[in-house]
Amino acid sequence: MEWTVEDHLHGKEGFVRELYEAFEGLITQRGPSERSVTKTAIVFTGRVRGFAGVTPRNRGLSGFLDLMEQVDEPPFTRASPYTQRLWVNRFVVDAIDQLDSRFAARIAQAYAVGGGAHRL
């Protein structure tokens, strides 16, 4: 079975769709990326590598951003080293105001990682 975004959003409350659309909008504002959908997540890939992923849940979105630093601020819940230069920063978003300018700046940093910024 090939999974779609609609499969992930099926049966979810309207605010979860709103959160997902806002999240994807922050990514598409940065520039082109590829979106791949699997049973477990919706992942965004830049020119060089994947940099963000999200899973719609009943109460919001859970996801990750690959960044060149560990983030210790809401809505981020934990960070794990991925390589010597990259951290997988996990987040949970359950309100639209969490997708603010600070979160958008983190998306921009992740997008740069997708383009290879971590290799410089």
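Points worth noting:
- The selection criterion, being in contact with a helix residue (DSSP H, G or I) (Cβ under 8 Å, 6 or more places away or on another chain) and of a type in the set (Val, Ile, Thr), does not hold for residue 113.
- Taking region 1-20 as the range and being farther than 19 Å from residue 92 by Cβ and among the hydroxyl-bearing types (Ser, Thr, Tyr) as the test, only 4 passes.
- Within region 1-55, the residues that satisfy the criterion of being in contact with a Ser or Thr (Cβ under 9 Å, 6 or more places away or on another chain) and assigned to a helix (DSSP H, G or I) are 8, 27.
- Residues of region 6-41 that are free of Cβ contacts under 8 Å to residues at least 40 places away in the same chain, surrounded by 15 or more Cβ atoms within 10 Å (Cβ to Cβ) and in contact with a strand residue (DSSP E or B) (Cβ under 6 Å, 6 or more places away or on another chain): 41 alone.
- Which listed residue, of 97, 72, is in a helix (DSSP H, G or I) and farther than 29 Å from residue 1 by Cα: 97
- Inter-residue pairs, beta-carbon under 6 Å, first more than 16 Å from residue 120 (Cβ to Cβ) and in region 79-96, second in a loop (DSSP other than H, G, I, E, B) and open to solvent by 40 Å² or more (accessible area, probe 1.4 Å), 6+ apart: 79/70; 87/70; 88/82; 94/59
- Exclusive hit being open to solvent by less than 90 Å² (accessible area, probe 1.4 Å) and either acidic (Asp, Glu) or over 16 Å from residue 12 (Cβ atoms) (or both), set 88, 92: 88
- Which listed residue, of 44, 64, 76, is out of contact with any Pro (no Cβ under 7 Å at 6 or more places or on another chain), touching a residue at least 40 places away in the same chain (Cβ under 8 Å) and of a type in the set (Phe, Trp, Tyr): 44
The values are calculated or read from the model by the stated rules, or taken from the named source; none is laboratory data. Note that the structure is predicted; figures quoted are calculated from it, not measured. Positions of Cβ are generated from backbone atoms using ideal geometry, with glycine treated the same way; all protein chains shown enter the neighbour counts. What goes into the accessible areas is simple: the full protein's heavy atoms, side chains included, and nothing from ligands, DNA or RNA. Shrake-Rupley method; radii C 1.70, N 1.55, O 1.52, S 1.80 Å.
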